[in-house]
Every structure is written in C-alpha cells, then in structure tokens.
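The values are calculated or read from the model by the stated rules, or taken from the named source; none is laboratory data. Keep in mind that this is a model prediction, so the values were computed, not measured. Note that we place each Cβ from the backbone using ideal geometry, even for glycine, and neighbour counts take in every protein chain shown.
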Amino acid sequence: MLIGEVARRSGVSARMLRHYESLGLVRPSGRTGSGYREYSAEDIRRIFHVESLRSLGLSLREIGRALDDDGFVPSELIGDLVLRTRERIAAETELLTRLSRIDAADPSDWEDVLQVVALLQALGSKSADTRQRAALSSDDAVPVEALVEAALRETDPVVAGTLRWALARSGDGGPALLVKALGSPTAAVRERAVRSLAELPGDEAAAYLRDALAHPDDAVRGCAALALGARGESEAVPTLMDMIVEGRNDTDAADALSVLAGDTATADRIAAGLVERLADDSADPRARGRLTQALGGVQGTTASAALVELEQDGDRAVALTATYLRRLRA
C-alpha cells in the first residue's frame, strides 16, 4: 500500500508518516519499481500502535522505546504519565478557576483585570500580612467565590477574621457557597465554613445555621447554636443545653442561654429544660455542676425555685453551687 492510501485510511498525514520514518518509528518494508514507499500490513499495524500510544501522551521517543525494547516494562512509564496528567489537570483547573473569578468580577477594562489578578494572587500569598491587606482592600473587586475559597483555607486567625468581615460585606452568594463546605470531609474546613456563615447577616444565613443544628459534626452544631443564640433564635436552646452537658464551650453556651432567657416565658422554659437535664440519672457530677451554674444565669421564678431545691442535693458540689448562686440572685 502506497503512502497516500495509507495516509487516507489511517488518518495520519503523509508528512507525519515521513517523520515517523526519519525517526525510525515506522519504516515501510518495501519500495515499488518506481521507488515509492510501500507499506505492508505489519507496517500499518505498527502505525496504529504508534497512534494508540500517542493518544496516551507518550512522546515519540518513549513510543519507539516501548515498541522496540523487548525488556521494556510499561508500569513505570504509565505511572509517570498518570502523575504528569494529574499535574496538568491541576494546573488547568487552577487556571480555569482564576479565569472564572476574573469573569465573575465583570472587569470593564484591562486595568480592572490586572487589579483582580493582583488581589487573587495576594489572597493566595504565603505571607499572612499580604493576605490580610488583600482581604481589607477586596471591596467589590474580588468575587464572593474567591473570598469564600480564601476563608475556607485560611489558617491564620487574624486573617480569617478579616476574610469573614469581607464576606459579610460582599453581598449575595456567600451563604450558599459556605453551606456546601459544611459537607467537606475535612473538619477544619467545616469549622471555617460555619464560623464564616455565623458572621453573615440576613435570613438566608440564619436559615442555614438552623439547618446546621442537625449536622453530625459537634463543632458545626455548637458554632451554629452560639450564633443563633446571639440572634435570639430559641431553636438553639436544645443544642446549647447539650453543649453544657458535654462540656463543649459550656461557658459560652450558658451565656447564650442567659441572653435567650430575656422574657419570663422563655426563661421558665429554659430553666425547666435545665432542671430536666439535672434530673437525668445518666448525667455525671461534672455535667450536673455545669447545669447548675447555667441555671444561675437564667432569671425567673422557675430557676429560683430550682436553685432552692438544689441546695438540698445529694451532690455536695451541686448543693454548694446552688447556695452560692441563690445568694447572688438575692
């Protein structure tokens, strides 16, 4: 088969076939009487082998080695190809993300583009000071997606606080992006997400925080409950009580309950809930002590009556705490 027909049937150009011949990859087995290249069935099979290996990303030099070296073991080369491909995909994904961030900023000219690029680079800097300055100067130049991404990876507490502040000023889009991160397999990312969500204003963020009260992660539930307590949301009460029993941020949880107990009816409900937890036989002494202290921060007759009764408690520490708190209230 002559080179033109081989090119037509294989889809490999005649120029590329000549290049393969010059490299020694595919040499036509014969020549016609007129001196034209003539490819055998075996030559054509080798062409398809070359093209198959090229489709995997092998260089022509690697292909020649793979086809001609009988002792060649493909596993090492394939492993290297996998690594190189992953690195290329990561680089392309990073570029696509950056382009998407710039597009979302809706730049009006190249100066705007350069400003967004500079801020995105600064947010990804290894220097905490640089990241801090970028967060402070983000304004509307950085899209909310980039701020969320930066907040979720930030480890410096000061910079993290500034990023949360910037997110709170960024407008719409932040809550929905942050709530997705609550499903992250990484605990630190989940905690950063809920902390950021807790500082966002508005009904949407509050609704997501209420949903987070049922999250399987204790840290997420606790942060959501404290944030909702600060907003006056009584739905946080059961989780806040759980935190006191379990000793997780129990002081903050007790303070939140005290704030929520702003009216007589709510104060009595909270006091009744604390008393119920105190009566639970499974509660350990330390948990009962924390519950008693929390009860002291709740105003109203129900809490006062419970403290009087607790002065006779069989646990001396609880009884002494109740006596001290009752006297403070008096």
Exercise for the section: Take the stretch 33-77 and flag every residue that is surrounded by fewer than 12 Cβ atoms within 10 Å (Cβ to Cβ), among the small types (Gly, Ala, Ser) and not in a helix (DSSP H, G or I). Expected result: GLY33, SER34, GLY35, SER59, GLY71
Practice task
Select from the stretch 143-196 the residues that are basic (Lys, Arg) and free of Cβ contacts under 8 Å to residues at least 40 places away in the same chain and list them in ascending order.
Solution key: ARG153, ARG164, ARG169, LYS180, ARG190, ARG195
Completion exercise
Within the stretch 201-246, the residues that are assigned to a loop (DSSP other than H, G, I, E, B) and either modelled with pLDDT of 95 or more or buried (at least 23 other Cβ atoms within 10 Å of the Cβ) (or both) are LEU213, ALA214, HIS215, PRO216, ASP217
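Would you check which residues across the stretch 270-314 are among the polar types (S, T, N, Q) and either out of contact with any helix residue (DSSP H, G or I) (no Cβ under 9 Å at 6 or more places or on another chain) or within 14 Å of MET243 (Cβ to Cβ) (or both) and list them?
Taking the stretch 270-314 first, the residues among the polar types (S, T, N, Q) are 282, 292-293, 299, 301-302, 304, 312.
Across the stretch 270-314, the qualifying residues are SER282, GLN293.
Can you confirm whether the stretch 106-114 contains a residue that is surrounded by 17 or more Cβ atoms within 10 Å (Cβ to Cβ), out of contact with any Pro (no Cβ under 8 Å at 6 or more places or on another chain) and assigned to a helix (DSSP H, G or I)?
Here is the first cut: in the stretch 106-114, the ones surrounded by 17 or more Cβ atoms within 10 Å (Cβ to Cβ) are none.
There is no residue in the stretch 106-114 that is surrounded by 17 or more Cβ atoms within 10 Å (Cβ to Cβ), out of contact with any Pro (no Cβ under 8 Å at 6 or more places or on another chain) and assigned to a helix (DSSP H, G or I).
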Handout entry: Flag for VAL142 being assigned by TED's automatic domain parsing to the domain that holds ARG164, part of a loop (DSSP other than H, G, I, E, B) and under 19 Å from ARG192 (Cβ atoms)
Key = yes
Handout entry: Any hit, the stretch 123-137, residues being exposed (fewer than 13 other Cβ atoms within 10 Å of the Cβ), basic (Lys, Arg) and at pLDDT below 90
Key = no
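Can you pull out every residue in the stretch 160-186 that is over 9 Å from the mean Cα position of the chain (by Cα), of a type in the set (A, V, I, L, M, F, W, C) and either part of a loop (DSSP other than H, G, I, E, B) or over 20 Å from LEU123 (Cα atoms) (or both)?
Here is the first cut: in the stretch 160-186, the residues over 9 Å from the mean Cα position of the chain (by Cα) are 160-177, 179.
With of a type in the set (A, V, I, L, M, F, W, C) added as a condition, the list becomes 160, 163, 165-168, 176-177, 179.
ALA176, VAL179, listed by residue number.
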